[in-house]
1. Going by how many other beta carbons lie within 10 Å of each one, how would you line up W158, W146, W67, fewest first?
2. Determine, for each peptide in 88-101, 278-291, the mean count of other beta carbons within 10 angstrom over its residues, then list the peptides with the highest first.
3. Which of these, I113, I22, I256, has the largest mean-square fluctuation under a Gaussian network model of the chain (Cα springs below 10 Å)?
4. Peptides 37-48, 73-84, 219-230: what's the order by average Cβ count within 10 Å, highest mean first?
5. Which entry in (1) 13.9; (2) 17.6; (3) 16.3 matches mean projected area of the Cα convex hull in nm² derived from the coordinates of this structure?
6. Compare the peptides 102-108, 56-62, 234-240 by average per-residue count of other Cβ atoms within 10 angstrom and give them in order, highest first.
7. Using the 10 angstrom Cβ neighbour count as an exposure proxy, how do V232, V118, V54 rank, fewest first?
8. Just to be sure I understand the rule: take each whole DSSP H helix in the chain, project its Cα atoms onto its long axis, keep it if the span is 24 Å or more and its mean Kyte-Doolittle hydropathy is at least 1.0. Which ones pass?
Amino acid sequence: MASLNLTQFHWRAALQVLAGAIMISFAAVFVELSALQPTASGFYRMLFGAFFWVILMMAIPSMRQGWHQHWGSSTLIAVFFCLDIWFWHQSIFYIGPGLSTLLANFQVFILTITGLIVFKEQVRPRFLIGLLLAMSGLFLLFGRDWAAMSPETRLGVWLGLLTATAYALYLLSLRGFQLKHTSIRPEARLMQVTVLCGGMLAMINLAEGNTFSIPNNTSLWSLVALGLFCQVLGWLFITKSLPVLPAGLIGLLLLIQPAASVLWDVLFFSLSLPPIELTGALLALVGIYLGLHSAKGSDSIANDD
């Protein structure tokens with residue numbers, strides 16, 4: 001196996017992926033700090049994200065290429081992204097930022113299983129080991145006391161797993177249409193998806209009877225940060241740097257996102273994990289890393305929550 005050292009790839013690209021993963025790891029923290037209903041916080045993520053995408057594309061004209069094309073396919077991508085955001089924000093509400101983000105990252109297994117069934121791709125032994133470790137970790141976190149858990153906690157777990165499913169469908173559709181429609185820049189596509197997803201979440205928020213009112217400055221700046229760092233800059237840093245890095249290093253760097261999300265939950269929101277549950281979280285993280293490292297195309301699919 002080739003050694004992963006700084007002489008074998010562009011260190012700047014690695015730092016950019018790391019920075020992007022850390023930015024995205026704060027997404028659930030910003031959602032929690034916003035103190036809004038889950039769907040409303042998702043809407044403002046898209047609203048501020050679209051605002052910053054437009055500014056960025058005005059500043060860099062080359063990013064606008066194709067922005068007026070393929071809105072139909074972007075609508076389908078946005079449906080999956082809307083489900084991803086809706087499930088995930090609801091899961092944060094029930095089980096907190098760290099564990100909901102950890103569950104969302106099980107998308108790597110759904111992606112690989114989809115590749116196996118639909119595209120007849122081969123599954124590497126490392127993937128099976130990672131899946132076994134991740135499932136073991138999930139059992140230690142939630143399975144041992146499932147019957148004793150509150151209905152809200154159980155709902156939060158299911159919502160986290162639904163997030164992983166919607167997240168995988170989002171990534172598959174985004175990647176597939178980008179390969180099919182080469183005339184549109186990825187930044188323009190992400191702007192389209194952000195705008196469309198914002199509209200969908202606004203309609204859902206109205207249907208739920210929630211307010212769009214932002215209660216205070218802490219909430220406002222949390223939502224601005226959510227849009228800027230998690231919807232725009234984090235995504236941009238990661239997608240720009242992936243092509244020049246080895247897949248194994250990408251998996252390791254992207255693992256920072258769910259690991260840091262759990263850490264922020266411990267530091268900022270007093271998440272307490274007994275030793276056996278902490279072991280479960282660590283097993284899940286190792287499993288996710290092995291899944292990322294072994295998944296075909298892991299160098300071209302990024303983490304966006």
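Bear in mind these aren't lab numbers, they're just calculated from the coordinates by the rules spelled out. These figures come from a predicted structure and were not determined experimentally. Don't worry about glycine lacking a Cβ; one is built from the backbone with ideal geometry, like all the others, and counts go over all protein chains shown.
1. Working: W158 14, W146 11, W67 19.
Ordered by Cβ neighbours within 10 Å, fewest first: W146, W158, W67.
2. 88-101, 278-291
3. Checking each option, the largest mean-square fluctuation is seen for I113.
4. Final packing ranking: 37-48, 73-84, 219-230.
5. Computed from the coordinates, mean projected area of the Cα convex hull in nm² corresponds to (3).
6. Details: 102-108: 27.9, 56-62: 11.4, 234-240: 21.9.
Those peptides, ordered most packed to least, come out 102-108, 234-240, 56-62.
7. Least to most surrounded, the residues fall as V118, V54, V232.
8. 38-59, 71-95, 186-207, 275-294
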